[in-house]
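Colleague: Quick one: structure below, then a few questions.
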Amino acid sequence: QVQLVESGGGLVQPGGSLRLSCAASGFSFSSYYMSWHRQAPGKQRELVARFTRGGYTAYADSVKGRFTMSRDIGLNTAYLQMNSLKPEDTGVYYCNAVSLRNDSAYWGKGTLVTVSS
C-alpha cells in the first residue's frame with residue numbers, strides 16, 4: 001500500500017517560514033522520484049520543486065532562492081523548507097512520487113499553506 005502524507009501547513013505571516021513534510025510508506029525513495037506541487041483556488045496545479053535524476057533539486061522560478069527541497073532516505077520522508085513566504089505562495093501543497101520503473105504516480109491529500117497578515 002503506497003501512501004504519501006503531507007504535514008506542516010498552516011497560517012503564516014508574509015516573510016515567515018514553514019517546513020512541509022511528506023511521509024511515504026509502502027515504497028522506497030530509491031525507486032521513486034519525488035516532487036512538490038501546489039494549487040491555489042481557481043488556478044492550475046503547478047510544480048514547485050523536484051529532485052532530478054542527476055540527484056539535484058530544481059525549482060520553479062517563483063520560489064527559487066526561497067524554497068529548499070530535501071529528503072531523509074532513512075525516514076522515507078521528503079521536506080520542503082519555505083522561507084520568505086509571500087501571499088502568492090498560498091495554496092494546497094501536494095507531495096508526488098513517480099515510479100522509476102513504470103511511471104506510476106502517487107499523490108498525497110495535500111496540506112494547506114496560507115500566507116497572510
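Colleague: Going through the stretch 1-41 one residue at a time, which ones are at pLDDT 90 or above and on the phi > 0 side of the Ramachandran plot? Give the derivation first.
Modeller: To start, the set of residues in the stretch 1-41 that are at pLDDT 90 or above comprises 3-25, 34-40.
Hits for the stretch 1-41 are Gly8, Gly10, Gly15.
Colleague: Quick check: anything in the stretch 91-105 in a loop (DSSP other than H, G, I, E, B), touching a residue at least 40 places away in the same chain (Cβ under 8 Å) and surrounded by fewer than 13 Cβ atoms within 10 Å (Cβ to Cβ)?
Modeller: Yes, that holds for at least one residue.
Colleague: So, of the residues in the stretch 61-87 that are within 17 Å of Gly9 (Cα to Cα) and touching a Cys at 6+ places or on another chain (Cβ under 9 Å), which turns out to be most open to solvent (accessible area, probe 1.4 Å)? Talk me through it step by step, then tell me what you get.
Modeller: Filtering the stretch 61-87 down to residues within 17 Å of Gly9 (Cα to Cα) leaves 63, 66-70, 77-87.
Then drop every residue that is not touching a Cys at 6+ places or on another chain (Cβ under 9 Å), which leaves 77-80.
Details: Thr77: 16, Ala78: 0, Tyr79: 34, Leu80: 0 Å².
Filtering the stretch 61-87 for residues that are within 17 Å of Gly9 (Cα to Cα) and touching a Cys at 6+ places or on another chain (Cβ under 9 Å), the one most open to solvent (accessible area, probe 1.4 Å) comes out as Tyr79.
Colleague: In this structure, is Ser116 surrounded by fewer than 13 Cβ atoms within 10 Å (Cβ to Cβ) and in contact (Cβ under 8 Å) with a residue 12 or more places away in the chain?
Modeller: Yes; evaluated as a whole, the condition is true for this residue.
Colleague: Of everything in the stretch 1-43 that's among the charged types (D, E, K, R) and part of a strand (DSSP E or B), which residue is farthest from Leu100 (Cα to Cα)?
Modeller: Just the residues of the stretch 1-43 that are among the charged types (D, E, K, R), to begin with: 6, 19, 38, 43.
Applying the additional criterion that residues be part of a strand (DSSP E or B) yields 6, 19, 38.
Working: Glu6: 21, Arg19: 26, Arg38: 22 Å.
My answer is Arg19.
Colleague: Follow-up. Identify the residue in the stretch 44-56 that is assigned to a loop (DSSP other than H, G, I, E, B) and at pLDDT 95 or above and, among all such residues, is most open to solvent (accessible area, probe 1.4 Å). Explain how you work it out, then say what you get.
Modeller: Here is the first cut: in the stretch 44-56, the ones assigned to a loop (DSSP other than H, G, I, E, B) are 44-45, 52-56.
Still in the list and also at pLDDT 95 or above: 44-45.
On the way: Gln44: 164, Arg45: 96 Å².
Restricting to residues being assigned to a loop (DSSP other than H, G, I, E, B) and at pLDDT 95 or above, the top hit is Gln44.
The values are calculated or read from the model by the stated rules, or taken from the named source; none is laboratory data. The structure displayed is predicted, hence computed values, not measured ones. So basically every Cβ, Gly included, is an ideal-geometry build from the backbone, and we count neighbours across all protein chains shown. All accessible areas refer to the heavy atoms of the entire protein, side chains included, with ligands and DNA or RNA removed. Shrake-Rupley method; radii C 1.70, N 1.55, O 1.52, S 1.80 Å.
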